[in-house]
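Structure, as structure tokens:
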Amino acid sequence: MLEKPISKDKASPVDQEFGSFFNRMTARINAQGQQIDENKQCMQTDQALLLLQSYEESRQGWFWSTDAEGNITYLTQYIAAMLDVPVSDLLGTPFVNLFAKSLDHEATQRSLPFVLTKKTKFDELRLKMHVGEDVRWWSVSGQPQYSKLGHFTGFRGNGSDITAQLRASQDTEQLARYDSLTGLANRANMQEKLEKTLKAFQPQNRPCAVVLLDLDRFKQVNDTLGHPAGDALLKQVAQRLKKAVGQRGEAGRLGGDEFQLIIPDCEDRGDLGELAERIISSISQPYSIDGSRCIIGASIGVAISPFDGETTEDIIRNADLALYAAKAGGRGRFCFYSSDLHQSAEDRRQLEEDLRDALANDQLSLFYQPIVDGNTNIVKGFEALMRWNHPDRGPISPAVFIPIAEEANLINALGEWAIHKACTEASEWGGKVRVAVNVSPVQFANDRLPNIVATALANTGLAPDRLELEITEGVFLAEYDENGEMFEQLKNLGVRLSLDDFGTGYSSMSYLQNAPFDKIKIDQSFVRGATLKGSRNSAIIAAIVALAEALGMETTAEGIETLDELEMIRDLRVSHIQGYVYSPAVANEKLLQNLADGEWIIEPVGPAHHREDRTSMFRKVFAIHHNHRYQVVIRNLSATGALIEGLLDVPVGTHFVIDFGDGQLAVSTVRRSMGDKQGIEFEERLVDDGSGGLCTARRVSRYLIAAVSAQEQQSQQSQQSQVGGWQVQHVMNPQEGMIPVFNSSIEMSLKKRTAN
């Protein structure tokens, strides 16, 4: 049994001595252990400092610390060296001053002073630093420090260089979102941008235009110059496209030779048409590829949200349909989407099938437009123009079926038929009157062309110098040497060569000097409006005439329709004239009758002055006046007005809103009234739709029309005293007395909202 412990009070002297010794030994042992621990701790601290120093010197990371005010108290040496500033100069300066602000990362840059102010721990904050002309990115972390009394004393932290990782990530994103060849946004990127734009714009009904562009004759460049040349060409196209669009929108490459533009907050089709024309003109200028000169073109389709579609799929599909229509219309042009294009596409498909049978079924014929000596009014030749009399649809314009023939690979067959037919009929005319036949670039590229011409001349007995081949500038796809052999073979046959549509896009003095042309045809686009004040077209025509005379060539101005244009052309010494001022194209039978006496002299007849081009048509539209909506027929249409039919004895000065459909509303005023026909003038000019037609510059969305209609219905219910809700006013007209004016509340609301 254990004895009870002896209390200290009762301890013996021996026990007390032993206890004292034990305590001393314990204290000594503890002291020795403490000394050992302190030595170990010092060694560990030294090792840690060496490791940290090695880490800093390896530049895998760096350290920093600040005082309570955020000023630097410690910074790794190599950061200061990188900034080319001594560490001593950086000590005591704000830590945030090391990093540069960037608009692209403004939110991130603001977060550094924020976290320092909040005195909270932060990890891997991405910050940018300018190092000379270079930019470095850092991942920075920090920990707040406090004294034993709990007072904040500053921050300690570390940083690491993430520039390489960030750039690698950006390169990966660049490859995923941008076209590697041109640097433009790729299809996926453009799709995402369009979806975001349409979604953001939808609540405010803000417009967004989508432009699809397809290169013309690009395949020929690949085939003749090789794919590396094609890639180099695409790079240059991308640069021209970016320059033409500027800051207005985003350009992207969808693949191959297809490009897309997104133009936000733009619905003005006049503005978009001008942009499309600038792009087409820019892209159509010659390119230099590895010392070779080549020429391409472009076709453009335009659709505008929300008028032409609200979803990405709808707007892209409709822009593509417009592009298809532009290409079908002859390429090198633009087209706006309209609901009629769906039917037009089906009609075109059917026409293509019918055109394949047109030759076999004897539906094609040639008409001949006189080419007249401007000084004597004597006919010197005729241009052969193809006509198609469809068994069901009647006459179909060449502007419609020739592009179809080119798309369907029928142009060579039609061209061969035209050469043989023209030579056959011209051989019956007698005398020295010439016949001119158009040769398309596709025909010119056909190695059989000289053989076809030689056979036609031999079979008909027509003198070679009476056949003139009209060749457009589009044949000059590459350097002249590539066409030289064809020109030489044709000239060896003795035929004449005429450069058609000169100055419309591919003009080059080099090929004009080398190619053996006998005549230059001045395109009618230079004649149109040349007599109007401020026009420079007459100066351009004078320069062309001077050039032709210097090269020993004749000139023909085409499209002359008015007497003032004729007088101007004569004054400019153009040798030959072609146009309605003398005669439209006539059938061969009428031509033979007029040549019966050996020569045909035509006295010019036409309007005295140039006026806006008017297109005859039979188009049903609606005319809105007061609370009535009348269906009328447009008989002819120009940019400034129209002739409508269907309303009887409308007073001069009456205002109408013409509803063309698809949200196209044009405010107009009656200027002439002739029984059931009225001549109206538009308040705003119509604009070119890119396909030879006209359209309103702006449209009214169906949502706006619905909103105004709903507002009108409420007005009708609350103001029964106003008949139908229309506020009727009258003004005095000297000829017609009191007549109604534009005063429909729905029309005024539409006009006001559209203007806003």
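The values are calculated or read from the model by the stated rules, or taken from the named source; none is laboratory data. Remember, predicted model here, so these are calculated numbers, not experimental data. A quick note on method: Cβ atoms are made from the backbone with ideal geometry, for glycine too, and the neighbour counts reach across all protein chains shown. SASA here: full protein model, heavy atoms, side chains in, ligands and nucleic acids out. Shrake-Rupley method; radii C 1.70, N 1.55, O 1.52, S 1.80 Å.
General remarks:
- Selection from Ala422, Phe401, Leu449 lying farthest towards where the dipole of segment 345-488 points positive, charges on Cβ: Ala422
- Residues of segment 185-199 falling in the label zone of Glu310, defined by backbone nitrogen less than 17 Å from a point 7 Å along Cα to beta-carbon, are 195-199.
- Of the peptides 680-687, 222-229, the ranking by mean beta-carbon count within 10 Å, highest at the top, reads 680-687, 222-229.
- Each peptide in 623-629, 522-528, 492-498 receives the mean, over its residues, of other Cβ atoms within 10 Å, and ordering these scores from highest gives 522-528, 492-498, 623-629.
- Contour excess over end-to-end distance, with Cα ends at Gln593 and Leu551 and 0.36 nm allotted per residue: 11.5 nm
- Hydrodynamic radius by Kirkwood, which averages 1/r over all alpha carbon pairs of segment 343-398, in angstrom: 13.3
- Here r is the Cβ-Cβ distance between Glu352 and Arg167 and R0 is 60 Å; the resulting FRET efficiency, rounded to 0.05, is 0.70.
- Residues with amide H under 5 Å from that of Glu383, placed H, sequence gap 5 or more: Gln369, Ile371, Ala436
- Taking label points 7 Å from Cα along the Cα-to-Cβ direction, Arg387 and Ile601 give a separation of 2.7 nm.
- Estimated FRET transfer efficiency (Asn636, Gln343; beta-carbon r; R0 25 Å; 0.05): 0.65
- Highest average first, the peptides 185-194, 210-219 ordered by how many other beta carbon atoms sit within 10 Å of their residues are 210-219, 185-194.
- Rounded to the nearest 10 Å², the accessible area of Glu195 at probe 1.4 Å: 90
- Entries in Lys196/Lys243; Lys196/Lys219; Lys193/Lys219; Lys219/Lys432 that, when Cα-Cα distance is taken, lie over 31 Å: Lys196/Lys219; Lys219/Lys432
- Quotient of C-alpha Rg and 2.2 N^0.38 Å, computed over segment 555-674: 1.49
- Surface share of carbon and sulfur [accessible, 1.4 angstrom probe, percent] for segment 183-324: 47
- Extension gain, Asp84 back to Leu648 (0.36 nm per residue minus Cα-Cα distance, nm): 194.2 nm
- Surface composition of segment 535-652: carbon plus sulfur atoms hold 51% of the accessible area, using a 1.4 angstrom probe and ignoring ligands, DNA and RNA.
- The distance from the alpha carbon centre of segment 237-285 to that of segment 126-144 is 39 Å, rounded to a whole number.
- Each Lys or Arg adds one and each Asp or Glu takes one away; over the other residues whose Cβ falls under 15 Å from the Cβ of Ser65, this sums to 0.
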